[in-house]
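Encoded as structure tokens, the structure appears first; notes follow it.
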Amino acid sequence: MGRSFEVRKASMAKTQGAKIKVYSKYGKEIYVSAKNGGVDPDSNLSLKRLIEKAKKDQVPSHVIEKAIDKAKGGGGEDFATARYEGFGPGNTMVIVDCLTDNNNRTFMDVRQAFVKNGAKIGSPGTTAHMFEHQAVFQFKGDDEEAVLENLMMEDADVSDIECEDGVITVFAPHTEFFKVKNALTATMPEVTLDVEEISFVPQTMTEISGEDVAKFEKFLDALNDCDDVQNVYHNAEIAE
């Protein structure tokens, strides 16, 4: 499909304040998933995926357990999902996913991040049609044909496989996350999955350079500083 996937997984935040923000975002997402789909990860695959992702991102067990215990108790806050789309510096495309208990507050916070950084927030569908909702897996390797053969033997539905600089990236429909993950671990038990996530993958990348790079990074920081923002997806690619 000729796409490239930029690994945006940041290293663990170094400051205590930043760590608390990361823990808070995971805690909120795990709580909502457990409250809506049940607290048993074996029957709530969304919760299972979130817990695994949180552990990989070094979120302490007590943060995860507290969120699940809170969901067990019933009541509590009611969070709703909110998604905003638009264009960032350098005409990049952006999708912002949020969990909120106050839609007006969240919209104003996100809109402020756009406006203050020369970006333009759009209406639903403005940019989403240029992204694909995909399960993404990355690991070290150089034989994508062998990987594809293994996945086909396990009857796993795969959208695309790329190999670049000794790293293999597997794309699959987001609904196939666990089937593809299980197929990879079953046929290649020696492989460590460096990335295993559900993401919005851009169909095309927008290259940015010069002043736009700093502007875009500032824009991303502003979005991620919003308490209700859970994930930011974009198609920016920094020119070499």
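The values are calculated or read from the model by the stated rules, or taken from the named source; none is laboratory data. Since the structure is predicted, the reported quantities are computational estimates derived from the model, not experimental observations. Because the Cβ atoms are built from the backbone with ideal geometry, glycine has one as well, and the counts that use them run over all protein chains shown.
Results, tabulated for the structure shown:
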{"quantity": "Complete set of residues in region 223-240 that are under 16 Å from Ile20 (Cβ atoms) and assigned to a loop (DSSP other than H, G, I, E, B)", "calculated": "Asp225, Cys226, Asp227, Asp228"}
{"quantity": "Any hit, region 99-116, residues being farther than 18 Å from His234 by Cα, of a type in the set (D, E, K, R) and under 19 Å from the mean Cα position of the chain (by Cα)", "calculated": "no"}
{"quantity": "For Leu220: the one exception among (1) assigned to a strand (DSSP E or B); (2) farther than 19 Å from Lys56 by Cβ; (3) under 16 Å from the mean Cα position of the chain (by Cα)", "calculated": "(1)"}
{"quantity": "Some residue of region 15-22 being closer than 25 Å to Phe139 by Cβ and either modelled with pLDDT of 95 or more or assigned to a loop (DSSP other than H, G, I, E, B) (or both)", "calculated": "no"}
{"quantity": "Residues that are free of Cβ contacts under 8 Å to residues at least 40 places away in the same chain and touching a Ser or Thr at 6+ places or on another chain (Cβ under 8 Å), drawn from region 189-238", "calculated": "Ile238"}
{"quantity": "Among (1) of a type in the set (D, E, K, R); (2) surrounded by fewer than 18 Cβ atoms within 10 Å (Cβ to Cβ); (3) at pLDDT 95 or above; (4) closer than 25 Å to Thr175 by Cα, the one test that Glu144 misses", "calculated": "(3)"}
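Per-residue answers, yes or no, for (1) modelled with pLDDT under 95; (2) closer than 30 Å to Phe107 by Cβ:
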position	(1), (2)
Ala172	no, no
Lys181	no, no
Leu184	no, no
Glu190	yes, no
Glu196	yes, no
Asp225	yes, yes
Glu240	yes, no
